[in-house]
Amino acid sequence: MALKDIIGQERAVNILQGCIAKERIPHALLFAGDEGIGKKLTAVNFVKALNCNKTVKKPGSEEVMELLPLTSSLPDSITPSLPDSCDACSSCTKTEKRNHPDVFFIEPEGDGEQITVAAIRELEEALRYKPFEGNYKAAVIDQADRMNAAAANAFLDTLEAPPPQSILILISARPEMLLPTIRSRCQRINFNPLPLHVMCALIQERSHKVSREHAMLLGELSGGRLGYAMQEDLIEQRDHAFTTLKDMINRTDEEEGGDMKELLDSLQVWLRDMAVFKATGRSDLLINRDREDEMTALLRGAALEGILKLARELYNIRKNMYFSLNEKLTRNYINLLIRKRLGRIHAGKQ
């Protein structure tokens, strides 16, 4: 795969290819956007293009890119051949397999799922030396917002005095959690969800047995994140969340295990549908149209205000899940919130 094969992120790819064409490579980039949207895939292929043994700028590409701002996408009428990786040379192959001597991958590790100061110090040491094989030494830092305080402060030193011929790519679904001093020293590139019709077509293309209706449902449940739609069993996850919601309302939940983050994400989709139907009465606006009857049964007597409050409260809990909340206490608290906001729906049966 190369940059030209990245689907749905044309603006981000054009910016990156423009940087190569103009030979203006920022020393630090921040790829920001939802999880599963293609940030890491783009980062890897950008590094491949930087160090590719066969990358040659086509005549005219630099001149065209000079006419455009760094953050501009290309007009449809201008289609120069922009730099990209060959995806076949030894450099591209090594980067793809994560064994290139000049490319480093850092991600959270350990029980706390954090990026430690030791990992940052090791990276700083590696970046001190000139590239061994490639044009650049590159570091791809996944979930950069998971740097602990010591790691973040140590990383600032590298950002303030970046080694020559090095590039740092920070990837984050929560860029607001990074230190402001880190964000201000990076050029930010935003990655956006794919439109529903594009998601539907891509899902059907990659899963030939999937009907259009099923592909539409996966596209809506994934929020336009292709990687998420293809790797997760979203339908099963959605159904489990609805069963849990009903059990919590009826006080029959037995504190089952499972990923709390996934549960909260799926509950937000259900609450979205409940609020939309309560406000409009239109079933055509629902995401979970195939389970409309069951959902509307839960709405009898429910207040729109309570649904919206619950959605906001669960959203705040989801944001704080990264801070190692006690799972049992968190689940009990969610139970209480759901019964408080929605439990009166079944008050006559309890």
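Read-outs throughout are calculated quantities, based only on the coordinates presented, and are distinct from any laboratory measurement. Values in this document were obtained by computation on a predicted structure and should not be read as measured data. Cβ atoms come from the backbone with ideal geometry, glycine included; neighbour counts cover every protein chain shown.
May I ask for the Rg/Rh ratio of the range 86-187, computed from Cα atoms with Rh as the Kirkwood radius, given to two decimals? Provide the component values of the computation, followed by the final result.
On the way: Rg = 13.8 Å, Rh = 14.2 Å.
Checking Rg against Rh, the ratio lands at 0.97.
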- Message: List the residues, sorted by chain then number, that are 5 or more residues from Ala138 or on another chain and whose placed amide H is less than 5 Å from its amide H.
- Response: Val103, Phe104, Ile167
- Among Gly110, Ser222, Ile338, the residue whose Cα sits farthest towards the positive end of the charge dipole of the chain (+1 at Cβ of Lys and Arg, -1 at Cβ of Asp and Glu, taken about the Cα centre) is Ile338
- With 0.36 nm assigned to each residue of separation and the Cα-Cα distance removed, Asp293 to Ser90 gains 67.4 nm
- 1/(1 + (r/R0)^6) with r = Cβ-Cβ of Met230 and Glu113, R0 = 30 Å, i.e. FRET efficiency to nearest 0.05, evaluates to 0.80
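So what is the 222 nm mean residue ellipticity for the chain from helices alone, if each DSSP H run of at least 4 adds -39500 (n - 2.57) and you divide by all residues, rounding to the nearest 500 deg cm²/dmol?
Details: 15 runs with 170 residues, N = 350.
Here the helix-only value at 222 nm equals -15000 deg cm²/dmol.
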- Query: Counting only residues 5 or more places away or on other chains, whose amide H sits under 5 Å from the amide H of Gln114 once H atoms are built in the peptide plane?
  - Reply: Glu109
- For labels at Arg121 and Lys309 in the simple 7 Å Cα→Cβ model, what's the distance in nm? 5.0 nm
- Message: For the pair Asn148/Asn332, report the inter-label distance in nm, with labels modelled 7 Å from Cα in the Cβ direction.
- Response: 2.8 nm
- Would you work out if the chain is rounded, prolate or oblate? Take a ≥ b ≥ c from the square roots of the eigenvalues of the alpha-carbon gyration tensor; rounded if a/c is under 1.5, else prolate when a/b is larger than b/c, oblate otherwise. prolate
- Task: Check cross-link reach from Lys130 to the aspartates and glutamates: straight Cα distance under 20 Å, and skip same-chain residues fewer than eight apart.
- Result: Glu23, Asp102, Glu122, Asp157, Glu160
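Pairs Lys94/Lys261; Lys4/Lys137; Lys209/Lys309; Lys39/Lys278; Lys94/Lys209; Lys39/Lys261: which exceed 28 Å Cα-Cα?
Working: Lys94/Lys261 34 Å; Lys4/Lys137 22 Å; Lys209/Lys309 39 Å; Lys39/Lys278 36 Å; Lys94/Lys209 34 Å; Lys39/Lys261 20 Å.
From Lys94/Lys261; Lys4/Lys137; Lys209/Lys309; Lys39/Lys278; Lys94/Lys209; Lys39/Lys261, over 28 Å: Lys94/Lys261; Lys209/Lys309; Lys39/Lys278; Lys94/Lys209.
Please label the shape of the range 233-349 as rounded, prolate or oblate, based on the square roots a ≥ b ≥ c of the eigenvalues of the alpha-carbon gyration tensor (a/c under 1.5 means rounded; beyond that, a/b larger than b/c means prolate, else oblate).
Details: a/c = 1.59, a/b = 1.37, b/c = 1.16.
In terms of gyration-tensor shape, prolate.
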- Message: Which trypsin sites (Lys or Arg not before Pro) in the range 79-137 sit in a loop by DSSP (not H, G, I, E or B) and have at most 11 other Cβ atoms within 10 Å of their own Cβ?
- Response: Lys97, Arg98, Arg128
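What does the net charge come to around Cys86 if you take all other residues with beta carbon closer than 12 Å to its beta carbon, with K and R at +1 and D and E at -1?
Values: positive: Lys4, Lys48, Lys54; negative: Asp84, Asp87, Glu96.
Taking every Cβ under 12 Å from that of Cys86, the sum is 0.
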- Among all the aspartates and glutamates, which ones have a C-alpha under 16 Å from Lys40's C-alpha, if same-chain residues fewer than 8 places away are not counted? Asp5, Glu10, Glu96, Glu107, Asp142, Asp145
- Message: Within 10 Å of each candidate Cβ there may be at most 12 other Cβ atoms; applying that plus a DSSP loop requirement, which trypsin sites (Lys or Arg not before Pro) in the range 178-270 survive?
- Response: Lys209, Arg251
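Suppose the chain between Arg318 and Arg24 were pulled fully straight at 0.36 nm per residue; how much longer would it get relative to their current alpha carbon spacing?
Working: separation 294, 0.36 × 294 = 105.84 nm, distance 3.85 nm.
Full extension of this stretch gives 102.0 nm more.
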- Query: How would you rank 312-325, 139-152, highest first, on the average number of other Cβ atoms within 10 Å across their residues?
  - Reply: 139-152, 312-325
- Reachable aspartates and glutamates from Lys340, Cα under 17 Å, same-chain residues fewer than 8 places away excluded? Asp247, Asp253, Glu305, Glu313
- Task: Enumerate by residue number the GluC sites (Glu not before Pro) in the range 128-199 meeting two conditions: DSSP loop (anything except H, G, I, E, B), and at most 16 other Cβ atoms within 10 Å of the site's Cβ.
- Result: Glu133
